[in-house]
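All remarks here apply to the structure that follows.
The values are calculated or read from the model by the stated rules, or taken from the named source; none is laboratory data. Model, not experiment: these values are computed from the prediction. When we count neighbours, we look across all protein chains shown, and the Cβ atoms used for this are built from the backbone with ideal geometry, even at glycine.
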Amino acid sequence: MFKLGCYGSGNRTKALLDSLNQDGFYKVHAVYDLNIESAEDFAAQYGGTVCKTPEELINTDGIDAFFISLSPFAHAEALRRTIPCGKPIFVEKPVSFSAAEIKELVLLAEKYNTPVQVGFMRRFLPENRAALDFIKENDPGRIFSVDCNWFHHGEEEMNYNLYHHPDNFRLHVSQIPFHCCHMLDILLLMGGNAEKVTSLTTKVVDRPYPSPDDLICNIQFTSGFNGRFHYSSMVYYNEMSYRFHAENYSLKIDAGGGDMFVIHRRPRFKTSRIGSHPELHKASPDFNLTYNQFCAPQKVNFSQWLDWANENIMYEFVQLVRDGKMPESDLRTALRVQGLAEAIEASGKLQKTIELDDEGLPIGIE
């Protein structure tokens with residue numbers, strides 16, 4: 001059982017710790033939070049010493065790994081303090097709202113040989129995991145395009161916070177790098193590295209909400225195919241969906257209508273594409289009958305959702321600390337995700353195409 005130093009004692013920390021709390025993998029050894037009362041309540045529930053400063057937490061003897069989950073504006077500084085300890089670190093997303101700052105943290109972690117896992121949650125949701133595993137295990141052939149939609153009624157979130165939490169950071173940061181970083185992570189997992197982006201942004205509603213009202217971005221991947229990201233905070237329903245189109249199959253993730261993962265396969269052989277006796281079928285519906293049967297959707301649904309994702313995030317961290325297995329989502333992953341988010345927003349604001357370098361940093365923006 002390894003000992004955790006918890007940098008932050010909020011609800012997200014508790015949810016992740018609870019996911020494997022009965023399995024004996026870890027225990028809280030020390031905790032620090034700017035809100036001392038929150039830290040004391042946390043220690044009463046999970047154990048551990050309450051530290052009064054970040055330095056006291058970092059210098060506490062016996063800590064095997066650090067767990068950072070704070071306001072997103074505080075993650076980078078917390079990492080800067082803990083990385084030189086050389087111990088494994090989990091940090092919640094987003095690491096920073098600056099790709100350049102994440103690059104500095106990448107170099108710092110490499111200097112001290114400190115492994116860092118970043119909490120991109122949506123890659124662990126069962127439908128996304130199933131889609132990513134399917135692509136890995138089934139040759140897609142040539143990939144044509146990857147696209148995704150993130151729609152939500154942002155007005156609801158804005159109104160709630162204005163009335164109850166007017167100082168909440170969500171009123172001061174765009175959803176593109178904050179929440180949508182999860183979707184951009186999946187987009188890069190499916191499509192590979194992005195090369196350039198071109199965005200069209202709409203901002204017409206006068207409201208204290210920095211997210212675009214609507215944004216559509218075309219993405220060119222280094223492998224040559226296309227991507228599309230569509231965000232809207234002025235849609236009166238929620239949708240987080242993906243489409244993956246390739247030579248051998250098309251995939252829908254969160255397809256709507258209760259279907260979480262849908263596979264449409266291209267018929268494999270010439271016979272199944274045109275029928276065994278195409279000369280006998282002169283009417284189009286009859287001619288395509290075999291083709292359409294082979295393309296019929298395979299639908300997969302899952303009962304698990306966020307709890308399943310939390311459990312898998314934490315088990316990846318357990319494997320990092322206990323077994324030395326490097327995480328799939330590390331600081332370089334965070335760098336590419338934030339770089340893409342910055343390029344998407346900058347392209348819309350500057351009304352020009354933004355290129356990204358080999359590491360995922362946007363080129364030519366301040």
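For the reader, a short list of remarks on this structure follows.
- Residue in the stretch 318-330 that is surrounded by fewer than 23 Cβ atoms within 10 Å (Cβ to Cβ), more than 30 Å from R268 (Cα to Cα), at pLDDT below 95 and hydrophobic (A, V, I, L, M, F, W, C) present: no
- Considering the stretch 189-225, and only residues there that are among the hydroxyl-bearing types (S, T, Y), part of a strand (DSSP E or B) and touching a residue at least 40 places away in the same chain (Cβ under 8 Å), the residue that is surrounded by the most Cβ atoms within 10 Å (Cβ to Cβ) turns out to be S199.
- Counted residues, the stretch 137-156 - those being modelled with pLDDT under 95 and part of a helix (DSSP H, G or I): 3
- N113 being farther than 17 Å from E92 by Cα and outside the structural domain of S232 (by TED's automatic domain parsing): yes
- The lone exception for L289 - which of (1) of a type in the set (A, V, I, L, M, F, W, C); (2) assigned by TED's automatic domain parsing to the domain that holds T222; (3) closer than 23 Å to A131 by Cβ it fails: (3)
- Among the numbered conditions (1) of a type in the set (K, R); (2) assigned by TED's automatic domain parsing to the domain that holds Q175; (3) free of Cβ contacts under 8 Å to residues at least 60 places away in the same chain, the only one that R228 does not meet is (3).
- Candidates Y237, Y249: the one that is outside the structural domain of S96 (by TED's automatic domain parsing) and crowded, with 19+ Cβ neighbours inside 10 Å is Y249.
- Every residue from the stretch 254-293 that is modelled with pLDDT under 80 and under 24 Å from R142 (Cβ atoms): A255, N288, T290
- Residue match in the stretch 161-183 (condition: crowded, with 22+ Cβ neighbours inside 10 Å, out of contact with any strand residue (DSSP E or B) (no Cβ under 9 Å at 6 or more places or on another chain) and outside any strand (DSSP E or B)): yes
- Residues that are assigned by TED's automatic domain parsing to the domain that holds Y315, in contact (Cβ under 8 Å) with a residue 60 or more places away in the chain and in contact with an Asp or Glu (Cβ under 7 Å, 6 or more places away or on another chain) occur in the stretch 57-76; there is at least one.
- Residue identified as more than 15 Å from the chain's Cα centre (by Cα), surrounded by 20 or more Cβ atoms within 10 Å (Cβ to Cβ) and not β-branched (V, I, T) among P84, P88: P88
- Failed item, numbered, when A44 is tested on (1) free of Cβ contacts under 8 Å to residues at least 24 places away in the same chain; (2) surrounded by 13 or more Cβ atoms within 10 Å (Cβ to Cβ): (2)
- Counting only residues that are out of contact with any helix residue (DSSP H, G or I) (no Cβ under 9 Å at 6 or more places or on another chain) and either at pLDDT below 95 or not in a loop (DSSP other than H, G, I, E, B) (or both), the stretch 111-136 holds 5 of them.
- Helices (runs of 4 or more DSSP H) (entirely within the stretch 249-353) containing at least 1 residues that are among the small types (G, A, S) and closer than 30 Å to F67 by Cβ: 306-323, 331-350
- Those residues of the stretch 111-128 which are surrounded by fewer than 18 Cβ atoms within 10 Å (Cβ to Cβ) and not aromatic (F, W, Y), in sequence order: K111, N113
- Checked against (1) closer than 30 Å to D357 by Cβ; (2) surrounded by fewer than 16 Cβ atoms within 10 Å (Cβ to Cβ), K299 passes all but a single condition, namely (1).
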